[in-house]
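Each reported figure results from applying straightforward, stated rules to the coordinates on display, with no laboratory input. Worth saying up front: this structure is predicted, and the values here are computed from it rather than measured. Note that each Cβ is placed from the backbone with ideal geometry, even for glycine, and that neighbours are counted across all protein chains shown.
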Amino acid sequence: MRADNSHHLVTAARQRSTATRERALRALRRLDTAGRRITIDDVAREAGVSRSWLYRQADLRAEIDRLCPTHTGTSAVVPVRQRASEASLRQRLQTAQDRIRTLTQANEELREQLAAALGELRSQR
C-alpha cells in the first residue's frame, strides 16, 4: 500500500495560492503608486493572473473597486494616499469662501471710492 502523500499537494496548492495573491496585491499597489488606471483587467494583466480568479477574490475586488475612479472622466488617476481627505477639502472650501467674502468687501469699498471720485469730478466741471 502506498503512503498518503496528499499533504504535499495541499501544501503546494496553498503556497501557489499565497504567491498568486501576493502577486495580485503587489500589482495593485504598483498601479496605484504609479497613478495608473486600476481595473480588474489591468490588475490581472499586471499580476499575471486570470480575471476570473480575481473576480472570485472578494477582498481584492473590493480593493479594486475602492481604488477604481469610476465617477471621474479623467484618465489621470491620483494614488489613494495622495488624494485629499474630506476634512482637507472642507478646509480648502472654507478658506476659498473666506477669501471670496474679503474680496467682495474690498470690491464694494473700491466701487464706493470710485463713485465718490467720479462725483467730485462732475461737481468740479
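Values for this structure:
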| read-out | value |
| --- | --- |
| Note, ³J(HN,Hα) from phi for the range 21-28, Karplus 6.51, -1.76, 1.60, rounded to Hz, x at Gly and Pro | 4, 5, 4, 5, 5, 5, 4, 4 |
| Protection proxy ranking, peptides 85-95, 50-60, average beta carbon neighbours within 10 Å, highest first | 50-60, 85-95 |
| Using distinct alpha-carbon pairs, which all enter the 1/r mean, Kirkwood radius of the chain in Å | 20.0 |
| Stretchable slack from Leu110 to Arg36, in nm (0.36 nm times residue separation minus alpha-carbon distance) | 21.8 nm |
| Contact order normalised by residue count of the chain, Cα under 8 Å, 6+ apart, percent | 20 |
| FRET efficiency, Gln57 to His7 (Cβ-Cβ, R0 25 Å, nearest 0.05) | 0.50 |
| Whole-Hz ³J(HN,Hα) from phi, Karplus 6.51 cos²θ - 1.76 cosθ + 1.60, for the range 2-12, glycine and proline x | 7, 6, 7, 9, 5, 4, 5, 5, 5, 4, 5 |
| Estimated vicinal HN-Hα couplings, Hz - the range 57-67 in sequence order (Karplus 6.51, -1.76, 1.60; Gly, Pro = x) | 9, 4, 5, 5, 4, 4, 5, 5, 4, 5, 8 |
